[in-house]
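Contents: one structure, followed by commentary.
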Amino acid sequence: MTAGGTDAMSGHLPVLYAQVLDGLRVRQDGRYLDGTFGRGGHAGGVLGQLGPDGRLLVMDKDPDAIAVAEARFGSDPRVSIRRGSFADLATWDAATEAPLDGLLFDLGVSSPQLDVAERGFSFGKDGPLDMRMDPDADESAAEWIARADEAAIADVLWTYGEERMSRRIARAIVARRAEAPFLRTADLAAVIAANVPRRIKPGQKETHPATRSFQAIRIHVNRELADLETGLDAALDALRPGGRLAVISFHSLEDRIVKRFIAGHAKAPAGNRRLPEAAPFVPRLRIVADATRADDAELRANPRARSAVLRVAEKLGVEAAA
Ligand SMILES: C[S@@+](CC[C@H](N)C(=O)[O-])C[C@H]1O[C@@H](n2cnc3c(N)ncnc32)[C@H](O)[C@@H]1O
């Protein structure tokens, strides 16, 4: 790793690198978990601040990410590696037996996942229509597109992509698949593009018309929002009092879940005088950083950071006696 966290080998730039490390406030002998290893940009930064007694646990759904983790850190006795979803964090003894001092979820897809056409995430690079972060997961995007009914497709495009043309696109997908199945990303992107009117605001770069739909299908295929909700609950349980949770989101649906989760544990709900007195609110989190965004220098170096939002919270409470 070079200073600032650039991984020259894969060309992957970890977003909000310094802010994540500041937020986690890494202790030399602490235990940290990176639930979304990717190419290990942030994990490498945490490891660099740990002493010989520190521990770093890393997870990723993606076998390619895990292969990189093994190659980079597999021989380091301070590092434990697990392939799987952070939604299953509570089932990993290494993560839950001794409480954690810090935990990071850097959500969404990594640059290598987007850049390798064969992973099937990209409308810009033709590849098999897959989109699974975990290639062994139940259903690829092609399989889902082949079986879902029109209303379900429209619902996913609207709910996870906020795509205003969701019904029209769903109708076109169902009509086209009756003639030939969708097997390639470029094929699906072309049908979507033909059904989305071009909207270019003055001074703005045009986004590809399939951007919102591809995001929506990816979120659905990978159950990203359900995993996030389960993962946040598990993260809070796995942290020790004083431990820090850092989450980077890339779109408003994710960020809303993170914001509500943190606020729900940090702030007492507004009272309702008509309801009987509820049990007193006991906060479990303290907000450390509310919606940190990339600065101009980072945006120039890494345009993918433009939608990133970092939230950091600290677990409150008293350490349980050993
Ligand atoms: C934005 S990248 C992380 C980049 C990483 N912080 C770095 O600096 O290299 C997101 C990674 O999280 C993984 N991922 C997404 N959701 C996951 C989940 N629920 N459980 C485990 N890994 C997940 C993806 O496979 C991807 O590799």
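Taking a ≥ b ≥ c as the square roots of the Cα gyration tensor eigenvalues, region 171-315 comes out prolate, since a/c reaches at least 1.5 and a/b is larger than b/c. Beta bridges per DSSP, both residues in region 1-156: antiparallel share near 10 percent. Considering only the Cα atoms of region 117-222, their convex hull presents on average a projected area of 6.3 nm². Estimated at 0.36 nm per residue, the fully extended path between ALA279 and ASP134 surpasses their Cα-Cα distance by 48.0 nm.
On the beta carbon distance between ASP76 and ARG286, with R0 = 25 Å, the FRET formula returns roughly 0.20.
Loop-located GluC sites (Glu not before Pro) across region 181-245 with a Cβ neighbour count of 12 or fewer within 10 Å are GLU206, with loop assigned by DSSP.
Amide H to amide H, with H built 1.01 Å from N, LEU56 comes under 5 Å of TYR32, VAL79, SER80, counting only residues 5 or more places away or on other chains.
Between ASP29 and GLU118, the modelled label-to-label distance comes to 4.6 nm, taking each label 7 Å out from Cα in the direction of the beta carbon.
Across the options PRO209, PRO197, GLY127, the greatest Cα extent toward the positive end of the charge dipole of region 117-222 (unit charges at beta carbon of Lys, Arg, Asp, Glu) belongs to PRO197. Proximity of backbone amide H atoms, modeled 1.01 Å from N, is registered between LEU100 and LEU239, ARG240 at under 5 Å, excluding neighbours fewer than 5 places apart on the same chain.
From the Cα gyration tensor of region 104-145, with a ≥ b ≥ c the square roots of its eigenvalues, which class applies: rounded if a/c is under 1.5, or else prolate if a/b is larger than b/c, or else oblate? Oblate, because a/c is 1.5 or more while a/b does not exceed b/c.
Let me make sure I get this right: for the chain, a, b and c are the square roots of the gyration tensor eigenvalues over alpha carbons, sorted descending. Under 1.5 in a/c it's rounded, otherwise prolate if a/b > b/c, else oblate. Which is it? It is prolate, given that a/c is not under 1.5 and a/b is the larger ratio. The calculated FRET efficiency for LEU183 paired with THR211, based on their beta-carbon distance and R0 = 30 Å, is about 0.90. Considering only beta bridges that DSSP places wholly inside the chain, some 40 percent are antiparallel.
Take 287-296, 18-27 and order them by the average number of nearby Cβ atoms within 10 Å per residue, most first; the result is 18-27, 287-296.
The C-alpha atoms of the chain define a longest principal axis, and helix 211-221 lies at about 60 degrees to it.
Each residue of region 296-312 is assigned a 3J(HN,Hα), and the resulting list reads 4, 4, 5, 5, 5, 6, 8, x, 5, 7, 5, 9, 6, 10, 9, 10, 10 Hz, derived from the Karplus form 6.51 cos²θ - 1.76 cosθ + 1.60 (θ = phi - 60°), x at Gly and Pro. When +1 charges are put on Lys and Arg Cβ atoms and -1 charges on Asp and Glu Cβ atoms, the dipole computed for the chain relative to its Cα centre reaches about 1280 debye.
Residue-wise HN-Hα couplings along region 77-91, as the Karplus relation 6.51 cos²θ - 1.76 cosθ + 1.60 with θ = phi - 60° gives them from phi, are x, 7, 10, 10, 10, 9, 7, x, 8, 5, 5, 9, 3, 5, 8 Hz; Gly and Pro carry x.
Helix 252-266 and the long axis of the chain differ in direction by around 20°, with both axes built from C-alpha atoms.
The GluC sites (Glu not before Pro) of region 40-146 that meet both conditions, a loop assignment by DSSP and at most 12 other Cβ atoms within 10 Å of the site Cβ, are GLU97.
Evaluating 6.51 cos²θ - 1.76 cosθ + 1.60 at θ = phi - 60° for every residue in region 175-192, the Karplus couplings come out as 5, 6, 5, 5, 8, 7, x, 7, 10, 10, 5, 5, 5, 5, 4, 5, 5, 5 Hz, glycine and proline recorded as x.
Once both labels are positioned 7 Å from their Cα atoms along Cα-to-Cβ, the gap between ASP88 and ARG300 label points is 4.4 nm.
The numbers here are math on the coordinates, done by the rules we state, and not lab data. Keep in mind that what you see is a predicted model, and the values were worked out from it rather than measured. So basically every Cβ, Gly included, is an ideal-geometry build from the backbone, and we count neighbours across all protein chains shown.
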